[in-house]
Amino acid sequence: MPKHKQNNEWKIFLLAPITLATAVLALWFSVAAAQESLRYARVTDQILLTVSAARELAFSSSTTAEQATLSLLDRLSHMDSIRIQPVEGEKFPQLMNPWGKNIKVIVTPAQRQVAFQTVVSAPICRKMILFYGKDVSYLGVLKMEAREKSEGSPISKIIYDSKDKNIHNAPTPTYAKIGCGAAEQVEIIMTFSL
């Protein structure tokens, strides 16, 4: 066998596994990105369905927060796209977000609002802030705040507040980035009008 053919054969045997590994890695990254986008869409859907259900229940201002929250959770428990489970140490059962974290829902009819509290990654926090911030008045967003879930960071950063003239404008990418921080886990709290 000629020498130049032998030189090419070892190159093929070397390049083939590298090319295959690169293709598999690229496929893995695309599947992971698609899965994360699907989770984001699900949590957004959960929150919008919950707000819609709370508005449909049309609680009177004399309804207690406990009664309203239990009624809402009962209504949500019949929806296929929402998972509700009891949580040890909590008064009410809670929704489960697509990352396996709890979504605490609190309805306060006297103030005509429903609030959500859950833990997500900082990039998802930023996406949520920007999504709900696009049209705060149409969605009925009253307030959005975030708190890094790390040691020494118990302070909530208010990103949007409909009642505060200093932060009344819809959140920008800069506000979302500052508000959600860079921690691996961020607790996001959003309040909507009923």
Flag for PHE59 being farther than 28 Å from TYR132 by Cα and either over 20 Å from the mean Cα position of the chain (by Cα) or of a type in the set (Lys, Arg) (or both): no
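Quick one: how many residues across segment 53-70 are of a type outside the set (A, V, I, L, M), loosely packed, with under 13 Cβ neighbours inside 10 Å and more than 17 Å from PRO93 (Cβ to Cβ)?
So the answer is 4.
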Across segment 43-69, the tally of residues that are in a helix (DSSP H, G or I) and closer than 18 Å to PHE192 by Cβ stands at 18
For ALA146, the lone unmet condition from (1) part of a helix (DSSP H, G or I); (2) surrounded by 15 or more Cβ atoms within 10 Å (Cβ to Cβ) is (1)
Given the criteria in contact with a strand residue (DSSP E or B) (Cβ under 8 Å, 6 or more places away or on another chain), surrounded by fewer than 22 Cβ atoms within 10 Å (Cβ to Cβ), touching a residue at least 40 places away in the same chain (Cβ under 8 Å) and not charged (D, E, K, R), does GLN94 qualify? no
Listed by first then second residue, the pairs whose first member lies in segment 110-123 and is assigned to a helix (DSSP H, G or I), whose partner is hydroxyl-bearing (Ser, Thr, Tyr) and surrounded by fewer than 21 Cβ atoms within 10 Å (Cβ to Cβ), with beta carbons under 6 Å and at least 6 positions apart or on separate chains, are ALA110/SER61
Within segment 148-175, of all residues that are modelled with pLDDT of 80 or more and under 27 Å from ALA53 (Cα atoms), the one farthest from the chain's Cα centre (by Cα) is LYS163
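Residues checked against (1) among the aromatic types (Phe, Trp, Tyr); (2) in contact with a Phe, Trp or Tyr (Cβ under 6 Å, 6 or more places away or on another chain); (3) under 27 Å from GLN111 (Cα atoms):
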site: LEU20; (1), (2), (3): no, no, no
site: ALA23; (1), (2), (3): no, no, no
site: VAL51; (1), (2), (3): no, yes, yes
site: PHE59; (1), (2), (3): yes, no, yes
site: SER62; (1), (2), (3): no, no, yes
site: LEU76; (1), (2), (3): no, no, yes
site: MET79; (1), (2), (3): no, no, yes
One residue is enough: does segment 157-164 have a residue meeting the conditions under 26 Å from THR63 (Cβ atoms), small (Gly, Ala, Ser) and surrounded by 15 or more Cβ atoms within 10 Å (Cβ to Cβ)? yes
If I filter segment 81-89 for residues that are within 18 Å of LEU194 (Cβ to Cβ), loosely packed, with under 13 Cβ neighbours inside 10 Å and of a type in the set (D, E, K, R), do I get at least one hit?
no
- Task: Report yes if some residue within segment 98-106 is surrounded by fewer than 17 Cβ atoms within 10 Å (Cβ to Cβ), under 20 Å from VAL43 (Cβ atoms) and touching a residue at least 24 places away in the same chain (Cβ under 8 Å); otherwise report no.
- Result: yes
Here is a check on your reading of the model: is LEU72 under 11 Å from VAL114 (Cα atoms), part of a helix (DSSP H, G or I) and touching a residue at least 12 places away in the same chain (Cβ under 8 Å)? yes
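The values are calculated or read from the model by the stated rules, or taken from the named source; none is laboratory data. Model, not experiment: these values are computed from the prediction. Counting neighbours? That spans all protein chains shown, and the Cβs are built from the backbone with ideal geometry, glycine included.
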